[in-house]
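The values are calculated or read from the model by the stated rules, or taken from the named source; none is laboratory data. This one's a predicted model, so the numbers in the text were calculated from it and none came from an experiment. No Cβ is skipped: glycine too gets one built from the backbone with ideal geometry, and neighbour counts run over all protein chains shown. Ligands, DNA and RNA are stripped out before the accessible areas are found, and what is left, the full protein with its side chains, is counted by its heavy atoms. Shrake-Rupley method; radii C 1.70, N 1.55, O 1.52, S 1.80 Å.
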Amino acid sequence: MSELPQDSSGSDPFDAIVEAETERDPDLAVIEAGSRTLRTQGPAPQSDIPGRPDDPEADKALRQVETELATRWGETKLEPSVARISALMDVLGEPQRAYPSIHITGTNGKTSTARMIEALLGAFELRTGRYTSPHVQSITERISLDGASIPAERFVETYQDIKPYVEMVDAAQEFRLSFFEVLTGMAYAAFADAPVDVAVVEVGMGGSWDATNVIDGDVAVVTPIDLDHTDRLGETPGEIAKEKAGIVKQGATVILAQQPVDAAQVLLKKAVDVDATVAREGLEFGVMSRQVAVGGQLLTLRGLGGEYEAVYIPLHGAYQAHNAAVALAAVEAFFGVGSQRPEALDIDTVRKAFASVTSPGRLEVVRKSPTVVLDAAHNPAGARATAEAVQEVFDFSRLIGVVGASGDKNVRGLLEAFEPILTEVVVTQNASHRAMDVDELAGIAVEVFGDDRVQVEPRLDDALEAAITLAEEEAEYAGGGVLVTGSVITVGEARLLLGRG
């Protein structure tokens with residue numbers, strides 16, 4: 001896809017595009033958790049995230065599957081190889097070859113972008129399968145058909161269908177298939193069985209050796225690359241990009257969000273090596289303008305086929321506008337816009353699709369009076385983007401943070417990103433075995449915020465209670481609010497405690 005022509009004045013038509021934004025939201029993960037009711041809990045809002053099955057037998061069967069999957073390597077224990085998942089695909093009859101796919105990697109913004117792509121494809125009457133990770137409240141969310149998580153009964157049935165083949169591969173390999181590898185096999189099998197017209201697949205981590213990479217995506221999407229999982233992927237954006245570039249396959253179309261220079265160089269070189277076509281945010285497509293609107297923002301997007309005006313998305317933050325531009329370009333590329341067909345996609349269909357998008361745990365308001373916002377930022381880049389969006393969208397006179405972090409993250413960098421917008425912070429600890437000890441977290445928080453701005457509450461429910469009390473404490477702070485963040489697990493547990501789903 002060629003660069004856009006320059007106008008008669010010689011200026012680039014993308015001078016109006018919003019400046020580079022690579023600090024996107026991180027992905028959302030949640031563990032299912034129960035707790036006592038908070039005094040502040042209000043009516044449960046509606047949610048597109050499923051809870052436990054209502055039918056006791058279905059719930060029992062799902063718990064059995066979850067128990068069996070829990071005996072396998074978790075998602076944080078990795079052995080860099082696609083040998084096991086390739087062997088599983090072989091014995092299953094290569095289900096991942098039964099449909100075209102759009103493959104998504106990057107550091108932040110993958111799940112939101114996947115949801116937008118899914119909504120666009122569905123609006124154009126294609127049957128979609130979406131595979132994302134981690135999940136919010138139910139493991140079934142990871143596998144979606146036609147925009148909805150598969151029912152628990154179908155999830156269990158899919159697991160039982162492939163279980164004999166999983167055990168066959170286990171017996172032949174040095175290591176058993178991991179939790180994520182089995183789920184990936186289930187997703188690909190479920191998509192073939194449906195059947196779907198197109199699969200939208202988010203990598204788990206990295207690219208080259210990620211279990212999802214047994215597909216050959218017709219379109220490869222790379223959301224902004226930043227520093228995360230540096231112990232596994234590399235210590236610079238360029239090093240991390242080498243691993244993520246593994247999803248770019250021979251002859252594919254690559255949709256590149258705005259990237260750090262060293263990451264862009266790696267990705268473009270890979271595209272040349274495999275004769276892939278590239279479309280770059282800020283050159284071939286991008287955000288022309290955006291305005292804050294009630295419940296979201298109003299955008300003008302430049303796609304591969306032209307401009308799309310008055311596009312409303314019910315999501316907050318500049319990074320979501322950039323995610324929307326990337327998603328639109330990916331779907332245009334899938335339909336051949338910019339190559340086989342010159343015309344843009346139908347604008348009314350595009351508007352309808354974007355207006356329907358949801359992204360739980362991304363600047364999600366779950367309570368009013370005071371306002372409680374959940375955001376799954378867990379690395380400094382995500383935290384900076386969230387802090388910027390909070391200042392743009394909300395008019396808090398006093399904002400209390402509830403922060404529970406994982407021990408393997410750059411917690412100091414995350415807290416430093418939030419320090420300018422938080423009046424006080426309540427540090428806590430979620431139920432995950434990966435959670436940072438609350439006293440260790442408190443020590444870092446005191447160094448960043450000062451002793452008088454830090455409160456310690458080991459239990460998350462107590463932390464929420466304390467933060468809400470602080471936000472309500474003085475009449476002059478009628479505009480007080482609470483931001484729950486720091487870990488995807490913390491956000492998920494808070495979502496349940498506050499009645500969301």
Inset, instruction - Could you grab me the full set of residues in the range 105-127 that are within 24 Å of ARG52 (Cα to Cα) and either surrounded by fewer than 24 Cβ atoms within 10 Å (Cβ to Cβ) or of a type in the set (Val, Ile, Thr) (or both)? - result: THR111
Legend entry - Residues satisfying the stated conditions in the range 51-89, i.e. basic (Lys, Arg) and either modelled with pLDDT of 95 or more or open to solvent by 70 Å² or more (accessible area, probe 1.4 Å) (or both): LYS60, ARG63, LYS77, ARG84
Inset, instruction - Answer with yes or no whether VAL350 is assigned to a helix (DSSP H, G or I) and either closer than 24 Å to ILE225 by Cβ or more than 16 Å from the chain's Cα centre (by Cα) (or both). - result: yes
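Would you check if VAL484 is crowded, with 24+ Cβ neighbours inside 10 Å, within 21 Å of ASN379 (Cβ to Cβ) and touching a helix residue (DSSP H, G or I) at 6+ places or on another chain (Cβ under 7 Å)?
Working: crowded, with 24+ Cβ neighbours inside 10 Å: yes; within 21 Å of ASN379 (Cβ to Cβ): yes; touching a helix residue (DSSP H, G or I) at 6+ places or on another chain (Cβ under 7 Å): yes.
Considered against the rule, which asks whether it is crowded, with 24+ Cβ neighbours inside 10 Å, within 21 Å of ASN379 (Cβ to Cβ) and touching a helix residue (DSSP H, G or I) at 6+ places or on another chain (Cβ under 7 Å), VAL484 comes out as yes.
Is one or more of the residues making up the range 349-371 among the small types (Gly, Ala, Ser), open to solvent by 40 Å² or more (accessible area, probe 1.4 Å) and closer than 20 Å to GLY109 by Cα? Write out each step before concluding.
First, pick out the residues of the range 349-371 that are among the small types (Gly, Ala, Ser): 353, 355-356, 359, 361, 369.
Okay, now just the ones that are also open to solvent by 40 Å² or more (accessible area, probe 1.4 Å), so 355-356, 369.
Filter once more, keeping what is closer than 20 Å to GLY109 by Cα: 355-356.
Yes, the range 349-371 contains a residue that is among the small types (Gly, Ala, Ser), open to solvent by 40 Å² or more (accessible area, probe 1.4 Å) and closer than 20 Å to GLY109 by Cα.
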Legend entry - Residue selected from the range 374-400 under the condition assigned to a loop (DSSP other than H, G, I, E, B) and not small (Gly, Ala, Ser), by the criterion surrounded by the most Cβ atoms within 10 Å (Cβ to Cβ): HIS378
Inset, instruction - Quick one: which strands (runs of 3 or more DSSP E) lie wholly within the range 248-345 and hold at least 3 residues that are in contact (Cβ under 8 Å) with a residue 60 or more places away in the chain? - result: 277-280, 286-293
Inset, instruction - Being within 21 Å of the chain's Cα centre (by Cα) and crowded, with 16+ Cβ neighbours inside 10 Å is the filter; apply it to the range 268-296 and report the residue that is farthest from GLY246 (Cα to Cα). - result: GLY296
Legend entry - Members of the range 262-301 found to be β-branched (Val, Ile, Thr) and either out of contact with any Leu (no Cβ under 7 Å at 6 or more places or on another chain) or on the phi > 0 side of the Ramachandran plot (or both), listed by number: VAL266, VAL272, VAL274, THR277, VAL292, VAL294, THR300
